[in-house]
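Take this structure, written in structure tokens, and hold onto it; I'll ask about it next.
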Amino acid sequence: MPVSAAQRHDPQVTVLHGDHLPDGLDLGDARFADSAESLVAALPGSEVLLVWDFLSDAVRDAWPAADTSALRWVHTASAGVDRLTFPGLVDAGITVTNSRGVFDVPIAEYVLGLVLAQAKDLARTLALQGGREWRHRETERVAGRRAVVVGGGPIGAAIAGHLRAVGMQVDVVGRREFPDLPQLLPQAAWLVLAVPLTEATRGMLDAAALALLPPQARVVNVGRGALVVEDDLVAALREGRIAGAALDVFATEPLPASSPLWELPGVIVSPHMSGDVAGWRAELAEIFAANLARYRAGEPLANVVDMQLGYVRGPS
């Protein structure tokens, strides 16, 4: 049932954790789980579920067997909620909140760093340095180049702002602008994916979309791995139909050692870390603590996710 003003002051909280919570987070007499099996045992009678391990599928796996009759609110320590948008939770009408706002600037800084690294050929510079080889080269200018940022939320807006700060021309494509994307792709020097994973965005970068990009284009994905059809991206890279890619997220994580993405030229692989800066866990805890205080006081929660859309609905 959705959260309303009539709340108990000290709700039973269950935490799905993968690592230690920051000190000082007042959860009352909380229960802890680290797997689907232990979550099934912990959930009966719980009003609040904190999904601290936001990379886990334990909530989805535990849901059919768990007693969730008392559950009123689920909070995830992430911006994306794709691991929670399964029918059992969506159909239950339980309030879901996310950690919107923590990752915006760190991810934007990371994307800017990737764009500059690609344009300035830093990977080759470091490789040549490792071989003590002095080889003069020319690199690319980023000012005046066009980036298409797919994702109209706060993360996409922050990325656009950082890219514009170095003189790039930026098109931001939100949900309303999705039909315009095919017309924008042929102009893109960089295509940045920073959109939530929903049924509408899953596999959006496929062979047909890649074919619209110019040969000098590069793809940056800091959204979710399943936004990209990886086999199609690998083929485009191998055949030189695009110039490169910088990928922080993948369909399977950790990225298997057998993946060709590790060794393809022009590809930067990073382990889902674009938003993870020093102090990020404390910021995530602060967001939940503030919402828990609202819940205890019977006040409206912040960052409520529209579970039909799969993200927090922004201002219209």
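For the stretch 88-101, in order, what is each residue's ³J(HN,Hα) by Karplus, 6.51 cos²θ - 1.76 cosθ + 1.60 with θ = phi - 60°, in whole Hz (x at glycine and Pro)?
x, 7, 4, 6, 6, x, 6, 5, 10, 10, 10, 9, 3, x
Can you give me the relative contact order of the stretch 104-269 as a percent, contacts being Cα pairs under 8 Å and 6 or more apart?
Dividing the mean separation by the residue count of the stretch 104-269 yields 18 percent.
For the stretch 12-28, in order, what is each residue's ³J(HN,Hα) by Karplus, 6.51 cos²θ - 1.76 cosθ + 1.60 with θ = phi - 60°, in whole Hz (x at glycine and Pro)?
These are the phi-based 3J(HN,Hα) values: 6, 10, 10, 10, 8, 10, x, 9, 6, 6, x, 5, x, 7, 7, 10, x Hz.
Please report the equivalent ellipsoid semi-axes of the chain, computed as sqrt(5 x eigenvalue) of the Cα gyration tensor, largest first, in whole Å.
Working from the Cα gyration tensor, I get semi-axes of 39, 20, 18 Å.
To continue, here is another question. In whole Å, what are the Cα extents of the stretch 104-269 along the three principal axes, biggest one first?
Computed over the Cα atoms, the extents are 50, 37, 28 Å.
If you don't mind, another one. Can you list residues from other chains, or at least 5 along the same chain, whose modelled amide H is less than 5 Å from the amide H of Ile268?
For Ile268, the qualifying residues are Ala245, Ala246, Leu247.
Within the chain, what is the longest stretch that has no trypsin sites (Lys or Arg not before Pro) placed in a DSSP loop and near at most 12 other beta-carbon atoms within 10 Å?
Segment 142-312 is the longest.
Are there GluC sites (Glu not before Pro) in the stretch 150-240 that DSSP puts in a loop and that have at most 15 other Cβ atoms within 10 Å, and which ones?
Numbers: sites: Glu177, Glu199, Glu230, Glu239; in loops: Glu199, Glu239.
Passing both the DSSP loop test and the Cβ count: Glu199, Glu239.
Loop-only GluC sites (Glu not before Pro) in the stretch 61-152, please: DSSP not H, G, I, E or B, and at most 12 other Cβ atoms within 10 Å.
In loop regions of the stretch 61-152 (DSSP not H, G, I, E or B), the sparsely surrounded GluC sites (Glu not before Pro) are Glu133, Glu138.
What does DSSP give for the chain in terms of the percent of beta bridges that are antiparallel, rounded to the nearest 5? Present the calculation step by step, with values, prior to reporting the outcome.
Values: 3 of 38 bridges.
Looking only at bridges with both residues in the chain, the antiparallel portion is about 10 percent.
When the Karplus curve 6.51 cos²θ - 1.76 cosθ + 1.60 is applied with θ = phi - 60°, which whole-Hz ³J(HN,Hα) does each residue of the stretch 127-132 get, with x for Gly and Pro?
Along the stretch 127-132, the couplings run 5, 5, 4, x, x, 6 Hz.
Against the 2.2 N^0.38 Å scaling, with N counting residues, where does the stretch 57-198 land? I'd like the Cα-based Rg ratio to two decimal places.
1.41
Limiting things to C-alpha atoms, what are the Rg and the maximum Cα-Cα separation (Dmax) for the stretch 242-288, in angstroms?
Rg, Dmax (Cα atoms, Å): 14.3, 42.
Still on this structure: Tell me the angle of helix 154-165 to the major Cα principal axis of the chain, expressed in degrees between 0 and 90 and rounded to the nearest ten.
So the inclination is approximately 30 degrees.
Just so you know, all these numbers are worked out from the coordinates, no wet-lab data involved. Since the model is a prediction, treat every value here as computed from it, not as a measurement. Reconstructed Cβ throughout: ideal geometry from the backbone, glycine too, with neighbour counts over all protein chains shown.
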